[in-house]
Amino acid sequence: QVQLVESGGGLVQPGGSLRLSCAASGIIFSIYAMTWYRQAPGKQRELVARITSGFSTTYADSVKGRFTISRDNAKNTVYLQMNTLKPEDTAVYSCHVAVGGINYWGQGTQVTVSS
């Protein structure tokens, strides 16, 4: 059974930082691309960052230079380091993996950027 469990969200002031974690189980973690998505109230879900099994990364234009995705295959965990946070980064952040054509999502973690 594939499970994804996110952690690390919270309330932070503009300009602050947070690191999100997503722990995966039930898969051979190292062979799959992992993706962070976010969804703000009233908006569509958007891709934030993706890291492949070969450690190639892609980012949404809105977070380039501020967010960094990484993975630790020994810990079956993907991270999202978020720096210089802005109010518009406020959203529920979820991690995703596609296994055999099936999409799996974590429960999400709330990130709120506000003074």
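The values are calculated or read from the model by the stated rules, or taken from the named source; none is laboratory data. Every value quoted in this text rests on a predicted model; they were computed, and no experiment measured them. Here the Cβ is made from the backbone with ideal geometry for all residues, glycine too, and neighbour counts use every protein chain on show. Quick note on the areas: whole protein, heavy atoms, side chains included, nothing else; ligands and nucleic acids left out. Shrake-Rupley method; radii C 1.70, N 1.55, O 1.52, S 1.80 Å.
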Choose one answer from 27, 102, 69: the residue with the largest mean-square fluctuation in a GNM of the chain with alpha-carbon springs under 10 Å. 102
Provide the per residue accessible area, probe 1.4 Å, for the range 1-68, rounded to a whole number of square angstrom. 56 Å²
Taking 20 °C and 1.002 mPa s as the conditions, I'd like the Stokes-Einstein D for the range 39-84 in µm²/s, using the Kirkwood hydrodynamic radius from alpha carbon pairs. 183 µm²/s
With the 8 Å Cα cutoff and a minimum separation of six or more residues, the chain has a relative contact order in percent of 36 percent
Gain upon complete extension [residue 17, residue 2; 0.36 nm per residue less C-alpha separation]: 2.5 nm
Between residue 60 and residue 115, what length in nm is gained on full extension when 0.36 nm per residue of separation is reduced by their alpha carbon distance? 17.4 nm
Using R₀ = 30 Å, calculate the FRET efficiency as 1/(1 + (r/R₀)^6) where r is the Cβ-Cβ separation of residue 86 and residue 25; round to 0.05. 0.40
Normalised by the residues of the range 36-104, what does the relative contact order come to in percent, with Cα pairs under 8 Å and at least six apart? 31 percent
Have a look at 70, 56, 17 and tell me which one the Gaussian network model of the chain (Cα, springs below 10 Å) gives the largest fluctuation. 56
For the range 30-115, which trypsin sites (Lys or Arg not before Pro) pass both filters: DSSP loop (anything but H, G, I, E, B) and at most 14 other C-beta atoms within 10 Å? 43, 45, 64, 75
